[in-house]
Amino acid sequence: MTRVLPSGTLLLCAAFLSATTTTALASDIREGERVFRNHCHGCHALQEGVHRAGPSLHEVIGRPVGGLEDFDYSTVLDAAGFRWDAETLDAFLADPEGLLPGNRMVLWGLDEAPRQAVIRYLEAQSSD
């Protein structure tokens, strides 16, 4: 016997899944903010033009590696021929020296969960 669900049930299910996904993403972004404060904030700012030991990460998603004119990057970052996106940030934050040997970032790599959370956080900051 085939059972047909009322169309309102399908809309309710879709709304629930959307709300669950939105809640999970918001939680991931909050965790990413915590990771940023604990691991990145000492050397990086999110404000445009504010550099510390590392360059501003304002709108880093989509920006060319070594792409800020007013920051003195290491030679390897100046010469990198790609842009920062979720995939390249993931590889860099997992093993900065492995992706860009000779860079000056003091980070020995982040585990998967905090790495993904901070990437979601940086994506959210870049889309605001």
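Worth a mention:
- Within the span defined as region 106-121, one or more residues are among the β-branched types (Val, Ile, Thr), at pLDDT 95 or above and out of contact with any Cys (no Cβ under 9 Å at 6 or more places or on another chain).
- GLU33 modelled with pLDDT of 55 or more, touching a helix residue (DSSP H, G or I) at 6+ places or on another chain (Cβ under 6 Å) and surrounded by fewer than 16 Cβ atoms within 10 Å (Cβ to Cβ): no
- Every residue from region 105-128 that is hydroxyl-bearing (Ser, Thr, Tyr) and either under 14 Å from GLY54 (Cα atoms) or surrounded by 14 or more Cβ atoms within 10 Å (Cβ to Cβ) (or both): TYR121, SER126
- Tallying residues that are in a helix (DSSP H, G or I) and over 9 Å from the mean Cα position of the chain (by Cα) within region 89-119 yields 11.
- Some residue of region 94-104 being closer than 19 Å to ALA45 by Cβ and surrounded by fewer than 18 Cβ atoms within 10 Å (Cβ to Cβ): yes
Quick grid of which residues meet (1) of a type in the set (Gly, Ala, Ser); (2) assigned to a loop (DSSP other than H, G, I, E, B); (3) surrounded by 12 or more Cβ atoms within 10 Å (Cβ to Cβ):
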| position | (1), (2), (3) |
| --- | --- |
| GLU59 | no, yes, yes |
| LEU68 | no, yes, yes |
| ASP72 | no, yes, no |
| GLY81 | yes, yes, no |
| GLU87 | no, no, no |
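- Residue match in region 56-64 (condition: β-branched (Val, Ile, Thr) and more than 15 Å from TYR121 (Cβ to Cβ)): no
- The C-beta contact set for region 75-104 (first residue more than 19 Å from HIS58 (Cβ to Cβ), second residue in a helix (DSSP H, G or I) and modelled with pLDDT under 95, distance under 7 angstrom, 6+ apart or interchain) is empty.
- Subset of region 25-48 that is outside any helix (DSSP H, G or I) and of a type in the set (Gly, Ala, Ser) - its residue that is farthest from ASP111 (Cα to Cα): ALA45
The values are calculated or read from the model by the stated rules, or taken from the named source; none is laboratory data. Source: prediction; values computed, not measured. Glycine gets a Cβ as well: all are built from the backbone with ideal geometry, and neighbour counts include every protein chain shown.
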